[in-house]
Amino acid sequence: MNKKRIEQLILRLLSGSIDVIVIMVPLFFVSLYVFHFSVKISELYAQFGFLIYNLLLIDWLKGQTLGKKVARLYVEFEEGDKSPLIKKGIREVTKLLYFLPIAGPVFCVISIVIYLFKGKFLHDIAGKSDVILEKDLIEEGH
């Protein structure tokens with residue numbers, strides 16, 4: 001395991017945490033306290049909002065969400081910027097596995113173990129994507 005992979009792991013966890021805090025937490029509390037939905041329904045709304053947020057921002061902002069922008073990360077797909085929305089959607093839907101009751105933490109551990117060995121999380125593999133550090137893009141001349 002190299003230093004670069006650990007650095008990227010930390011940045012990706014930071015990035016994901018920012019996106020959860022910015023989107024999922026507010027949606028959950030609005031659903032729960034403003035619309036008076038049950039906890040389970042509020043969780044579903046928050047997860048659906050998280051999915052849509054990630055999908056649209058990755059598509060519209062050339063591979064970045066707010067969290068990725070802060071961490072200076074970019075999502076790149078095999079087809080580049082012209083990757084179909086369905087492929088981006090597969091990547092984002094796969095992330096919902098991490099939020100499943102009971103199985104979610106298992107998927108998180110599996111995904112992190114895969115990352116430690118292959119440099120890609122489960123959702124990267126499903127969506128045929130890579131997450132690139134901004135400094136690596138600059139060095140490559142993108």
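The values are calculated or read from the model by the stated rules, or taken from the named source; none is laboratory data. Computed from a prediction, not measured in an experiment: that's the story for all the values here. Here the Cβ is made from the backbone with ideal geometry for all residues, glycine too, and neighbour counts use every protein chain on show. Ligands, DNA and RNA are stripped out before the accessible areas are found, and what is left, the full protein with its side chains, is counted by its heavy atoms. Shrake-Rupley method; radii C 1.70, N 1.55, O 1.52, S 1.80 Å.
Some observations on this one:
- Condition check for V131: under 15 Å from the mean Cα position of the chain (by Cα) and part of a strand (DSSP E or B): yes
- Residue list for region 37-58, restricted to those being among the charged types (D, E, K, R) and surrounded by 17 or more Cβ atoms within 10 Å (Cβ to Cβ): E43
- Here L96 does not fit the description of being touching a Ser or Thr at 6+ places or on another chain (Cβ under 9 Å), closer than 22 Å to S17 by Cβ, free of Cβ contacts under 8 Å to residues at least 60 places away in the same chain and not aromatic (F, W, Y).
- Residue under evaluation K120, criteria (1) at pLDDT 95 or above; (2) in a helix (DSSP H, G or I), criterion not met: (2)
- S111 of a type in the set (S, T, N, Q), open to solvent by less than 50 Å² (accessible area, probe 1.4 Å), free of Cβ contacts under 8 Å to residues at least 60 places away in the same chain and in contact with a strand residue (DSSP E or B) (Cβ under 8 Å, 6 or more places away or on another chain): no
- Per the conditions (1) among the basic types (K, R); (2) open to solvent by less than 70 Å² (accessible area, probe 1.4 Å); (3) at pLDDT below 95, the sole criterion not satisfied by K62 is (2).
- Apart from one condition, E78 fits all of (1) crowded, with 16+ Cβ neighbours inside 10 Å; (2) touching a strand residue (DSSP E or B) at 6+ places or on another chain (Cβ under 9 Å); (3) among the acidic types (D, E); the exception is (1).
- Filter result (surrounded by 11 or more Cβ atoms within 10 Å (Cβ to Cβ), without any contact (Cβ under 8 Å) to a residue 40 or more places away in the chain and of a type outside the set (A, V, I, L, M)) within region 8-36: P26, F28, F29, S31
- Wholly within region 1-100, helices (runs of 4 or more DSSP H) carrying at least 1 residues that are farther than 21 Å from K120 by Cα and touching a Phe, Trp or Tyr at 6+ places or on another chain (Cβ under 7 Å): 25-29, 39-60
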